[in-house]
Amino acid sequence: MIRSIVRDRTKLSLLLHHSRYIHHQHQPCLTALDSHSYAHMLQQIIQNGADTNAGKHLHCHILKRGASLDLFAQNILLNFYVQSKSLHDASKLFDEMPLTNTITFVTLAQGYSRSHQFNQALHFILRLFREGHEVNPFVFTTLVKLLVSMDLAHLCWTLHASVYKLGHHANAFVGTALIDAYSVCGNVNVARHVFEDICCKDMVSWTGMVACYAENCFYEESLQLFNKMRTMGYRPNNFTISGALKSCLGLEAFNVGKSVHGCALKGSYDHDLFVGIALLELYAKSGEIVDAQRLFEEMPKHDLIPWSLMIARYAQSDRSKEALDLFLRMRQTSVLPNNFTFASVLQACASLALLNLGMQIHSCVLKFGLNSNVFVSNAIMDVYAKCGEIENSMKLFEELPDRNDVTWNTIIVGYVQLGDGEKAMNLFSYMLEYDMQPTEVTYSSVLRACASLAALDPGLQVHSLTIKTMYYKDTVVANSLIDMYAKCGRINDARLAFDKMNKRDEVSWNAMICGYSMHGMSAEALNLFDMMQQTDCKPNKLTFVGVLSACSNAGLLLKGQSHFMSMSQDYGIEPCIEHYTCMVWLLGRLGRLDEAMKLIGEIPYEPSVMVWRALLGACVIHKKVDLGRVCAQHVLEMEPRDDATHVLLSNIYATAGRWDNVAFVRKNMQKKKVKKEPGLSWVENQGVVHYFSVGDTSHPDIKLICAMLEWLNKKTRDAGYVPDCNAVLLDVEDDEKERHLWVHSERLALAYGLTQTPHACAIRIIKNLRICVDCHAVVKLISKIVHREIIIRDINRFHHFRHGVCSCGDYW
């Protein structure tokens, strides 16, 4: 802006001197002298800052004396009113002028253009053409700039033709203006032709072309031209250096950027605002945040942009505390925050889940009147969502008049992160109804919601949408597709999505490895891990959780121990509590309970509830009552109201026939008001989820379900099924136990699925507890009898029943 004003003043001064020369040819000497004296006085006022009172006082003096100003002096008086932003007075003076010329129209047009009254400015330029005044380079320069300001840069094509016809294409001022216009349009090649046509290129021309390349992502060409300019003896200015730094940033050529920084230091431009901001961006993106901070401390801090930029880069670099500290420091100065500053600070609050501070900044936003700004509102919504106050986020969402895709994504992601997948999916439906185009963030989040609910049909529909919009090629979306299919029981489709990916990251490999592990396909998980090691993606903590889980699900002790040791020895990854939990379950499930206890003793920090609960589960399987009691005590010391631990302890006593201890545990639960989580199974049919509990008779189709159960009972007994009454941990007769087994929730869900779903479709059942031994045995037989694939996802893993065989190999 400063460069433009200085250049315009210089041009205008040349024009005024030109007018003075012409007027000398036609006016008497005495009149001209008086007029020119006034003109000189007006020029002095303009050069001293266009003091409105002084200029108007002189104008009144001229009118009182009845002095007649020539055209040269009148143009200077007109320029005074333009420079003092008194456009109304300038327009009135223009109307009263008996004579006008090119300078008159250009002066007034430039004044209106600077005041963003572009239509008025264009009116005077067009009038200049209609009245037949001289069309010189300054007219074209002014008109080109005006069209760019009006977002009509594409019309410069036709203007460019007139420039060529009149032979002004070699003029540096006209050429530079055309370069700027073509840069806005993205016509870089045409801009380069214009640049080559300029006969006497000045510093502004070179800068314009360097900036044109940089703004249109022709970073290499920008730097080549920058180097050429320097070899020809031109010293770059602050704008040239800013353009070169932007190109270094685009190419991530950080070492070259440091060389340009050296040029800035030599030219004493390192304290320039534009250069400083470009340098901050360069060092922040290169990861040298300490150097960026040092640079920031050396910069003048009277402008908001450096503060806002540094706060944003801190927030985006996981240095949220520094972002907040810098914001508090800024508030102690006279610099006022804007919407971008608040958005970055709120992002830092969200990352640290600082609800109280977020609410204080929300109050500050209200005071500044920025609460209706969509960027700020989105950031406030994110703070409340990440702090668990999703109701406040939803209230802001409903009150926001202008929502963008980030607004919708923020509220959808918020519900997904809080585990309310159903609400997230409903919001996604509303988003489509409002004709808001989803982004990769939207699709990824909604697929996560489908995965959490094991909602296959909606997941398939979302997958179809991603194919239509080409987002399925996005790595993040593809990762979510893998996770969704794996958690919905379609592990083969998950692998298909994985194989079709053009580019895989660590999340892709982890999602597929963990998916195989979850489905009990340990060999596939370990093979995939071997493939991952041949790529540039390095295993991380989550990778080894999947690998060790695969080993524990298959009882692969030696491989599990080998991978556990490899974590720290080969990859420098210290085992976390999830890794120890997998190893404890691996050892415990194999009956090596003493080794499991020894491993727990070697954990370098306090064992968590997960570890003790894993060992307790193994004790239940192997009927180790005393050790189980010890494990339960450890869990209940940390979580006294943990219902799962009470139930497992009760089960281990019941398995050993110690019914007095069972009664004591249940009485203790009543005393603590601890309620056992009811066993539930659910199956989806035509988009509707049907829930069943043990002995449930509330379903509308219960008669049909009972009939199917009777038929299955007969068929399975004919096939050799013998009920395992030990699976019923109740002190009742065996007949009652057999009856109880046939009304387990997963059997009710299976009977419903068999009566309602097409024969060619697999039946998918989700259960919130571990499937019991007897149900596992009977479902294997049923899959063979009905010739159907039955997929049951219990609390630990998936079981794929086909032709009388389960994918877990009866090891779960």
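Quick one: grab the alpha carbon gyration tensor of the stretch 114-181, order the square roots of its eigenvalues as a ≥ b ≥ c, and give me rounded if a/c is under 1.5, else prolate or oblate depending on whether a/b is larger than b/c.
Taking the square roots of the gyration eigenvalues as a ≥ b ≥ c, the stretch 114-181 is oblate.
Give me the base-10 log of I(q)/I(0) for the stretch 96-152 at each q in 0.15, 0.17, 0.30 Å⁻¹, Debye formula, one uniform scatterer per Cα, rounded to two decimals.
-0.37, -0.47, -1.31
Using Cα-only point scatterers and the Debye equation, what is log10 of I(q)/I(0) for the stretch 491-646 at each q in 0.18 Å⁻¹, rounded to two decimals?
-1.04
Roughly speaking, what is the stretch gain from His787 to Lys367, that is 0.36 nm per residue apart minus the C-alpha to C-alpha distance, in nm to one decimal?
144.4 nm
Measure of size requested: the Rg and Dmax of the stretch 162-207, with Cα atoms as the atom set and Å as the unit; please supply both.
Both quantities, over Cα of the stretch 162-207: 9.6, 26 Å.
Let me know the shape class of the stretch 553-613, please: from the alpha-carbon gyration tensor, a ≥ b ≥ c as square roots of the eigenvalues, rounded when a/c is under 1.5, otherwise prolate if a/b is greater than b/c, or oblate.
oblate
Which whole-number value in Å² is the accessible area per residue of the chain, probe 1.4 Å?
Here the per-residue accessible area is 48 Å².
May I ask you to give the percent of accessible area on the stretch 595-664 that is carbon plus sulfur, with a probe radius of 1.4 Å?
After summing per-atom areas, the C and S share lands at 54 percent.
Considering just Cα atoms, how many Å³ per residue does the convex hull of the stretch 214-264 enclose?
61 Å³
In the stretch 26-134, which GluC sites (Glu not before Pro) fall in coil by DSSP and have 12 or fewer other Cβ atoms within 10 Å?
Taking the stretch 26-134 and a limit of 12 other Cβ atoms within 10 Å, the loop GluC sites (Glu not before Pro) found are Glu131, Glu134.
Which values of log₁₀ I(q)/I(0), to two decimal places, follow from the Debye formula for the stretch 585-706 at q = 0.10, 0.12, 0.13, 0.22 Å⁻¹ with a uniform point scatterer at every Cα?
Once normalised to I(0) and log-transformed, intensities are -0.43, -0.58, -0.65, -1.16.
Under a plain spin-label model, where a point goes 7 Å from the Cα along Cα-to-Cβ, how far apart in nm are Lys715 and Asn502?
4.8 nm
Collect residues whose amide H, placed 1.01 Å from N in the peptide plane, falls under 5 Å from the amide H of Phe798; neighbours closer than 5 in sequence don't count.
So Phe798 has HN proximity to His519, Gly520.
For the chain, what does the helix formula give at 222 nm: sum of -39500 (n - 2.57) over DSSP H segments with n ≥ 4, over the residue count, nearest 500 deg cm²/dmol?
Rounded to the nearest 500, it is -22000 deg cm²/dmol.
Could you give the C-alpha radius of gyration of the stretch 295-402 expressed as a fraction of 2.2 N^0.38 Å, taking N as the number of residues it contains?
Relative to the rule-of-thumb radius for its length, the stretch 295-402 sits at 1.04.
How big is the stretch 201-292 by the Kirkwood estimate over distinct Cα pairs, in Å?
Every distinct Cα pair counted, the radius reaches 12.7 Å.
Mind checking Rg over Rh on the chain, alpha carbons, Kirkwood formula for Rh?
1.15
Could you tell me the largest-minus-smallest coordinate of the C-alpha atoms of the stretch 403-521 on each of the three principal axes, in descending order and whole angstroms?
For the stretch 403-521, the Cα spread along each principal axis is 43, 27, 23 Å.
If exposed trypsin sites (Lys or Arg not before Pro) are those in a DSSP loop with at most 11 other Cβ within 10 Å, what is the longest stretch of the chain that has none?
Looking at the chain, 1-499 is the longest stretch - no exposed trypsin sites (Lys or Arg not before Pro) with at most 11 other Cβ atoms within 10 Å.
So what are the radius of gyration and Dmax for the Cα set of the stretch 71-205, in Å?
15.3, 46
Given points 7 Å out from each Cα along the Cα-Cβ axis, report the Asn356 to Asn426 separation in nanometres with one decimal.
So the two model labels end up 3.4 nm from each other.
With a cut-off of at most 14 other beta carbons within 10 Å, and DSSP calling the residue loop, which chymotrypsin sites (Phe, Trp or Tyr not before Pro) in the stretch 545-638 qualify? Please list them.
Counting only loop positions with at most 14 other Cβ atoms within 10 Å, the chymotrypsin sites (Phe, Trp or Tyr not before Pro) in the stretch 545-638 are Tyr605.
Note the full-extension length gain between Arg230 and Arg739 as 0.36 nm times their separation in residues minus their Cα-Cα distance, in nm to one decimal.
174.0 nm
As an exercise, identify the GluC sites (Glu not before Pro) in the stretch 165-253 lying in DSSP coil whose Cβ has no more than 15 other Cβ atoms within 10 Å.
Glu252
Roughly to the nearest percent, how much of the accessible area of the stretch 684-774 is carbon and sulfur, given a 1.4 Å probe?
53 percent
How large is Rg/Rh for the stretch 466-548, to two decimals, with Cα atoms and a Kirkwood Rh?
Looking at the stretch 466-548, the ratio lands at 0.95.
For the stretch 100-182, with all protein chains present and a 1.4 Å probe, just round the carbon and sulfur fraction of the accessible area to a whole percent.
Carbon with sulfur: 57 percent of the solvent-accessible area.
The values are calculated or read from the model by the stated rules, or taken from the named source; none is laboratory data. Because the structure is a prediction, the values reported are computed rather than measured. All Cβ positions, glycine included, derive from the backbone under ideal geometry; neighbour counts span all protein chains shown. Ligands, DNA and RNA are stripped out before the accessible areas are found, and what is left, the full protein with its side chains, is counted by its heavy atoms. Shrake-Rupley method; radii C 1.70, N 1.55, O 1.52, S 1.80 Å.
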